[in-house]
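Asks: Here it is: the structure, laid out below.
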Amino acid sequence: MSVDKQTVAKIASLARIKMGDDELEKMVPELNNILQWVEQLGEVNVDGVEPMSAVIPNTLRLREDVIDADPKTAGGRRDDVLANAPAAEHGFFGVPKVIE
Amino acid sequence: MTDLTSLGVKAIRDGVRSGDFTAREVAESFNDAVAGAAALNAFIVTTPDHALAAADAADKARADGKDLGPMAGVPIGMKDLFATHGVQTTAASHILEGFTPHYESTVSQKLWDAGAGMLGKLNLDQFAMGSSNETSFFGNVSSPWRKQGSNAAMSPGGSSGGSSSAVAARIAPAATGTDTGGSIRQPAAFAGISGIKPTYGRCSRWGVVAFASSLDQAGPMARSVEDCAIMLGAMAGFDPKDATSLEMDVPDWEAALSSDLKGKKVGIPKEYRMEGTDQAILDSWEQGKAWLKDAGAQIVDISLPHTKYALPAYYIIAPAEASSNLARYDGVRYGLRDLPEGAGLQDMYAATRAEGFGDEVKRRILIGTYVLSAGFYDAYYTQAQKVRTLVARDFENAWNECDVILAPTTPTASFPLGSLDADPLTMYLNDVFAVPASLAGLPAMSVPATMNEDGLPLGLQLVGKPFDEQTVLDAGLAIQQRSGFAHAPAKWW
């Protein structure tokens, strides 16, 4: 499978990365090169093989149902959470107007 | 008095404990060395006050007759992928420039709790994506090594290249690294130092800027195997804040270190004999076998049949996870915001990410987005996950025949900065020997072995069973003792 400029533009928009024409054109052969190389995975017989999503067998833990069990990562830290926001207003993250 | 910057973790810790010198003297020496090595560009920010404060605390604890922690008096470099409270944390990206966390990563907190201090935040490939340290927004890191008879700036490897450069240049006794597909081992090999990636889950990922969550794992980089064992002991341990953290005790690797390999079998995977590998690397591999045999081990030939497919599988899985992880950088909660005149929310996201991410990061996000998109998900992503199972199964089968695997760390020695950047794919191939162990989540280490004809260091890699860091460290120690590797770069900076 290979990608053309239009496909790359579509992927870029899905990934929310603005790309100009020059950048898109440059990206097409680079992505194709990589995709062509990963095609070799198709040679591998994977009949009956389960896809691996976790490398080390580990059971998912559940946390105690306690409010603010860890004061450093639980609630009540609004100012810390907002401290790095490019635009924080009235205790919230500020974003440009979404509804006209 | 000895130049304190010539000392490693163990020598500093023991010297401070016995009162041969103070932790403050150590911190001052390294702070000066860091300040004098700007030409390496190894640090994004320096934190001399942090190092001094930790040193003073260690000196005071000693004066008060209190127990000193395992890293007390040791100032280290911290890869700028670890969130550090009140100190800028960027992942070497523009999008996080100026971000100062209000929290501390678990690994860095453990190191401070063990008595270490911080010399500064080390440069790296942007979001840990790269094998040469040429993708940082803050400029390339230079290796302290140079080819004989040349002044060309060489790559310190990546992504932990600031770490490898700083440790090799003796401006830090040790540094943290992170390894997603070889980012501790490859730069350690390029720089002639040691580095170990433990079993996935040993070190908490909490507070580490995420790249590919099923692969990322922190580890130490230092000048000796003993130093790695000490520092790994301080970094590892269960963390309830990381769902993938292992609920296991941390063994005392330092105390158990032994280079006696009697009764151990060392596997030599035939598939790692790849075309394009330097003859000097193959020679050092042969040398490594002889050393381990001398240490009492039995050498056995093994097969890891899916080795060839590990790298392409990695370059689907890692970008897929990256595209998801990096979705959080959108200009709303932290970091850069680019809000063009009259732009709406979606335009802001797209402009911010275009401005904030470097080319390699964009490339990987696009690949990840593509392989996860409808219509391609099964052909690429699911297939890669199945191949990952087969790569891991190869190792499981190998453990029936051997206890640890010996292989080269990289197919070549370091290369000049700029010599590979035109071709992303060639760059990726640098991690061909490192990636399989990452996909299987296994502990793996690089130790310096020999020098090539250009006067550049070459590393050997040891891969162990899950949770068996001890055998990896032991085999590393056996090589270290026999190689007697004591080469250091000539100071030019």
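Asks: If you project the alpha carbons of region B:261-344 onto their three principal axes, what span does each projection cover, largest first, in Å?
Replies: On the principal axes, region B:261-344 reaches 70, 27, 23 Å in Cα extent.
Asks: Among residues other than B:GLY162 whose Cβ falls under 12 Å from its Cβ, what is the net charge (Lys/Arg +1, Asp/Glu -1)? Display every interim value, and only then the final one.
Replies: Working: positive: B:LYS79, B:LYS121; negative: B:ASP80, B:ASP125.
So the surrounding residues net to 0.
Asks: Determine the dipole magnitude for the protein assembly as shown: charges of +1 sit on the beta-carbon of Lys and Arg, -1 on that of Asp and Glu, nothing else is charged, the reference point is the Cα centre, and the result goes in debye to the nearest 20.
Replies: On the way: 51 positive and 74 negative charges, 74 e Å.
The calculated dipole for the protein assembly as shown is roughly 360 debye.
Asks: About the Cα centre of region B:1-492, how large is the charge dipole given +1 on each Lys and Arg Cβ and -1 on each Asp and Glu Cβ? Please answer in debye to the nearest 20.
Replies: Numbers: 40 positive and 56 negative charges, 72 e Å.
Approximately 340 debye in magnitude.
Asks: Can you run phi through the Karplus equation (6.51, -1.76, 1.60; θ = phi - 60°) for region A:14-31 and list ³J(HN,Hα) in whole Hz, with x for Gly and Pro?
Replies: 3J(HN,Hα) across region A:14-31, in whole Hz: 5, 7, 6, 10, 6, 9, x, 4, 4, 5, 4, 4, 5, 6, 4, x, 5, 5.
Asks: Still on this structure, I have one more. Where in region B:66-94 does the label zone of B:ALA35 land, with the point 7 angstrom along Cα→C-beta and an amide N cut-off under 18 Å?
Replies: B:75-77
Asks: Taking a cut-off of 21 Å between Cα atoms, list the lysines near B:LYS491, but don't count ones fewer than 8 places away on the same chain.
Replies: Cross-link targets: B:LYS147.
Asks: What does the charge dipole of region B:346-493 about its Cα centre add up to, to the nearest 20 debye, if the Cβ of each Lys and Arg holds +1 and the Cβ of each Asp and Glu holds -1? Mind showing how you got there, number by number?
Replies: On the way: 10 positive and 17 negative charges, 30 e Å.
That gives region B:346-493 a dipole magnitude of about 140 debye.
Asks: Averaged over A:55-61, how many beta carbons belonging to a partner chain fall within 10 Å of each residue's beta carbon?
Replies: Working: counts 16, 13, 1, 7, 1, 2, 4.
Across the residues of A:55-61, the mean count of other-chain Cβ atoms within 10 Å is 6.
Asks: What are the semi-axes of the equivalent ellipsoid of the protein assembly as shown, taken as the square roots of 5 times the eigenvalues of the Cα gyration tensor, listed largest first and rounded to whole Å? Walk me through the numbers before you get to the answer.
Replies: Details: eigenvalues 239, 189, 109 Å².
For the protein assembly as shown, the ellipsoid semi-axes come out as 35, 31, 23 Å.
Asks: When we measure straight from the Cα of B:LYS465, which lysines land under 22 angstrom away, once same-chain ones fewer than 8 places off are left out?
Replies: Within the straight-line cut-off, B:LYS465 pairs with B:LYS197, B:LYS262, B:LYS264, B:LYS265, B:LYS270, B:LYS289, B:LYS293, B:LYS308, B:LYS386.
Asks: Take the Cβ-Cβ distance between B:LEU257 and A:ASN33 as r, set R0 to 51 Å, and report the resulting FRET efficiency rounded to the nearest 0.05. Please list the in-between numbers first.
Replies: Values: r = 45 Å, r/R0 = 0.88.
Calculated value: 0.70.
Asks: Averaged across B:378-391, how many Cβ atoms of other chains sit within 10 Å of each residue's Cβ atom?
Replies: Numbers: counts 1, 4, 6, 1, 2, 7, 6, 6, 10, 8, 5, 7, 5, 2.
If you average over the peptide's residues, the count of other-chain Cβ atoms is 5.
Asks: Taking a cut-off of 26 Å between Cα atoms, list the lysines near A:LYS18, but don't count ones fewer than 8 places away on the same chain.
Replies: A:LYS18 reaches A:LYS5, A:LYS10, A:LYS26, A:LYS97, B:LYS362.
Asks: Now a separate question. Which order do the peptides B:199-210, B:27-38 come out in when sorted by mean C-beta neighbours inside 10 angstrom, highest first?
Replies: Numbers: B:199-210: 24.6, B:27-38: 19.4.
Final packing ranking: B:199-210, B:27-38.
Asks: Skipping prolines and chain starts, which residues have an amide H placed within reach, meaning under 5 Å, of the one on B:THR450, given they are 5 or more residues away or on another chain?
Replies: When sequence neighbours closer than 5 places are left aside, the close amide H contacts are B:LEU458.
Asks: Of A:PRO51, B:THR412, B:GLY8, which is farthest along the charge dipole of the protein assembly as shown in the positive direction, counting Lys and Arg as +1 and Asp and Glu as -1 at C-beta?
Replies: B:GLY8
Asks: How high is the relative contact order of chain B, in percent, with contacts defined as C-alpha pairs under 8 Å that are six or more residues apart? Working shown, then result.
Replies: Details: 1245 pairs, mean separation 87.4, N = 493.
That works out to 18 percent.
Asks: While we're on this one: Once you have the Kirkwood Rh of chain B from its Cα pairs, apply Stokes-Einstein at 25 °C and 0.890 mPa s and quote D in µm²/s. Each step should come with its number before you reach the end.
Replies: Values: Rh = 22.3 Å.
Result for D is 110 µm²/s.
Asks: Hey, another quick one. How long is the gain from B:ASP423 to B:PHE238 if the chain were fully straight, where each residue apart is worth 0.36 nm and the alpha carbon distance is subtracted?
Replies: Values: separation 185, 0.36 × 185 = 66.60 nm, distance 4.01 nm.
That works out to 62.6 nm of additional length.
Asks: Continuing with the same structure: 7 Å from Cα along Cα→Cβ at both A:PHE93 and B:ASP301: what's the point-to-point distance in nm?
Replies: So the label points at A:PHE93 and B:ASP301 sit 5.7 nm apart.
Asks: Amide H to amide H, which residues 5 or more places from B:GLY120 or on other chains are under 5 Å from it, using H placed in the peptide plane?
Replies: B:THR47, B:MET78
Asks: Scan around B:VAL300 for amide H atoms under 5 Å from its own, H built in the peptide plane at 1.01 Å from N, and keep only partners 5 or more places away or cross-chain.
Replies: B:VAL266, B:GLY267, B:ILE268
Asks: Still on this structure: For an R0 of 22 angstrom, estimate the FRET efficiency from the Cβ-Cβ distance between B:ARG273 and B:ASN397 and round to the nearest 0.05.
Replies: Details: r = 19 Å, r/R0 = 0.85.
Efficiency for this residue pair is about 0.70.
Asks: What is the extension gain from B:ASP49 to B:ALA343, computed as 0.36 nm multiplied by their sequence separation minus the C-alpha to C-alpha distance, in nm to one decimal? Please report the intermediate quantities before stating the final value.
Replies: Values: separation 294, 0.36 × 294 = 105.84 nm, distance 4.25 nm.
Result for the pair: 101.6 nm of gain on full extension.
Computed from the coordinates by the stated procedures, all read-outs in this text should not be read as laboratory data. None of these values were measured; they are calculated from a predicted model. Every residue, glycine as well, gets a Cβ built from its backbone with ideal geometry; the counts of neighbours run over all protein chains shown.
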